[in-house]
Amino acid sequence: MSLSNSKRIRLNLPNIDIFTFGESSLYGYDSLNHCLILISLNELNDINDQTINRLHFSLSPTNPIRQLILNQDETILALISDKTCFLVYLPQPLKGRNNFKSIE
Amino acid sequence: MIYFILIKGSHQCPLNEIPSCSSINNSLIDLIWLSPIHLIVVNSHPSSSECHLYLVRPSKSNGIEYIQTFSTLKGKTNETSNKRISLHQPSNIIKLDLIKRKENDSILILLFALKSDGDIFLMEIDENQLISNEYPLSSSFNGPLRIFPSTFDNYGSDYNHSRLLCLSNCESIIILFTRDKCEINQCMYLNPSISDYYLYTIDSINFPNNENNRIIKSMIIDKLNSNIYYILDSLSNIYSIEISWIKQIKKTNIQHLIKSDYFIYQIGLIQTNTKGQCLAIITKTSNHQIKVSFF
């Protein structure tokens, strides 16, 4: 196994450096725009056509987020900062693209 | 404090702060989900030797309900512990992990707490009691767990970069904990009788630590192969580790999978429609492009 024979996708996500994996999704936190992104990864053959969904916050957490922890059924996401924890109740169905605003 | 996420259309998702975490002097040490709506939090304030249980009700406006606090200081210290006597201040919980085990008609949640002095505590929680809201729970921490065979240095002294991970298969529960940055101890959890718990170290894996202060950044479980786990180190190496001694005495199989030229943020396992399961790694290039690679 090496990086040369892997399947890769390139994503332009300049402000996102905190991630967590769901069962078949990738979640990231955008520290500049204070929002979550969600990328469905369950169709690797169609990965370039994946839509990146975004969930916006109306207010920003006061401390930088350093970790994301999903619950077991991917309905609640914990945003961990050094000082505190915020819970996001994720809309269901989670991967229903119509519920999210897509990145252009 | 409630924030809102604005979503396309009229949807709004509240963003709720866990109340006990909002103290100015507080640092949040760890959080773990016991169930889809129950979580345990460790804070530095008022005591990092305690865990706090919360129930989350997404349908309610003030939906985060504090349930109970559990302290490792009240644990049943084992009189015959082989671990060294500690003379310093009570140590902090630095990492939590859990595993579930079927027991007769019920499911037990085994919650392990690794402390900064290397002590490991255990709490058993009846899942039925938890989900049926029978509070307060009758559970309490036991420990520190005895670790056999005993070692001259108590399985290490530097636990600041430690990780704790529980593996399970149908026969045995395996506990992994790192110490001194680059050593992984693979222990079998043994519970021969009620209130008698200990860990037996079957194998220890040492990674060379003479290059750039390598530390183990993360360990993840292969959910489809319960005796395999993956580790990521600070030098962007990924290894797969297969525990072969569960059924027969064989050496642990360590395979170096990847050395990335780019910094690896995170690794994970993804279920896919086409390939079943893939190891996914996230790297970032110098021009801020995120790359997700699948194997």
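The values are calculated or read from the model by the stated rules, or taken from the named source; none is laboratory data. What you are looking at is a predicted structure, and each value in this text was computed from that prediction instead of being measured. Cβ atoms come from the backbone with ideal geometry, glycine included; neighbour counts cover every protein chain shown. Please note that ligands, DNA and RNA were not included when accessible areas were found on the heavy atoms of the full protein model with its side chains. Shrake-Rupley method; radii C 1.70, N 1.55, O 1.52, S 1.80 Å.
The 3J(HN,Hα) values that the Karplus relation (6.51, -1.76, 1.60; θ = phi - 60°) gives for region B:132-144 are, in residue order, 9, 6, 8, 9, x, 5, 7, 6, 8, 6, 10, x, x Hz. Gly and Pro appear as x. For A:Asp82 and A:Ser60, the FRET efficiency from 1/(1 + (r/R0)^6), where r spans their Cβ atoms and R0 equals 25 Å, is about 0.95. Rounded to the nearest Hz, the phi-derived 3J(HN,Hα) couplings of region B:253-259 under the Karplus curve 6.51 cos²θ - 1.76 cosθ + 1.60 (θ = phi - 60°) are 8, 10, 10, 7, 8, 8, 10, where x marks glycine and proline. Amide H contacts of B:Ser244 (H built 1.01 Å from N, in plane; Pro and chain starts excluded): B:Thr252, B:Asn253 sit under 5 Å, all sequence-distant by 5 or more or on other chains.
Computed from backbone phi, the HN-Hα couplings of region A:69-85 come to 10, 7, 7, 5, 9, 6, 9, 9, 10, 9, 9, 9, 10, 5, 9, 8, 9 Hz, rounded to whole numbers (Karplus: 6.51 cos²θ - 1.76 cosθ + 1.60, θ = phi - 60°; Gly and Pro given as x).
So, R0 is 45 Å and r is the distance between the beta-carbons of B:Asn104 and B:His45; what FRET efficiency does that work out to, to 0.05?
0.70
With the simple model of a label 7 Å out from the Cα in the direction of the Cβ, B:Ser138 to B:Asn206 spans 4.6 nm. For B:Arg163, the residues whose modelled amide H falls within less than 5 Å of its own, excluding neighbours fewer than 5 places apart on the same chain, are B:Thr178.
In this structure, the amide hydrogen of A:Ile76, modeled 1.01 Å from its nitrogen in the peptide plane, lies closer than 5 angstrom to those of A:Asn71, A:Leu90, counting only residues at least 5 positions away or on a different chain. Only protein heavy atoms count here; on that basis, with a 1.4 Å probe, B:His38 has an accessible area of about 0 Å².
Per-residue accessible area (protein heavy atoms, 1.4 Å probe) orders B:Lys95, B:Lys250 as B:Lys250, B:Lys95, starting from the largest. Given their separation in residues at 0.36 nm each and the Cα-Cα distance between them, B:Ile228 and B:Lys259 gain 9.2 nm when the chain is fully extended. Between B:Ser71 and B:Arg214, the simple label model (points 7 Å from Cα in the Cβ direction) yields a spacing of 4.2 nm.
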